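Here's the structure, in C-alpha cells; my notes come after.
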Amino acid sequence: VYQLLTDLKQQRKESGKSKQSSGQQNLNTIMYETLKYISKTPCRYQSPETVREFLVAMKDHKLTK
C-alpha cells in the first residue's frame, strides 16, 4: 500500500494539474494522512519480495483465517 500510494503521489506531482474538484481534494487528504501514518510503521520498509517470502515461509504451517 505504501509503495502504491507513493507511486500515485509521484504521478500526480508529475502531471501538475492545479484545478481539483472537492472530491479530488478529499482523496488527496486521505492519501496524505495514510502515507503519514504508514511512514511511521515498519511496513514502510517492506517490499513485495519480503512479503512473498514471508507467505511462502508460512505456507507450511497451514494457518487459517
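Taken together, the values in this text are just the output of simple stated rules run on the coordinates, not laboratory data. It should be emphasised that the depicted structure is a prediction, and the values quoted were computed from it without experimental measurement. Note that we place each Cβ from the backbone using ideal geometry, even for glycine, and neighbour counts take in every protein chain shown.
Side notes on the structure shown:
- In sequence order, calculated HN-Hα J values of the stretch 6-13 (Karplus, 6.51, -1.76, 1.60; Hz; x Gly/Pro): 5, 5, 5, 4, 5, 4, 5, 5
- Over 20 Å (Cα to Cα) - which of Lys13/Lys36; Lys40/Lys62; Lys40/Lys65 fall in this group: Lys40/Lys62; Lys40/Lys65
- Cβ-placed point charges (K, R +1; D, E -1), dipole of the chain about Cα centre in debye, nearest 20: 200 debye
- The chain: Cα Rg divided by the 2.2 N^0.38 Å rule of thumb: 1.53
- Sequence ranges 26-36, 50-60, ranked by mean other-Cβ count within 10 angstrom, highest first: 26-36, 50-60
- Charge dipole (the chain, unit charges on Cβ, about Cα centre) - positive-most of Gln11, Asn28, Val56: Asn28
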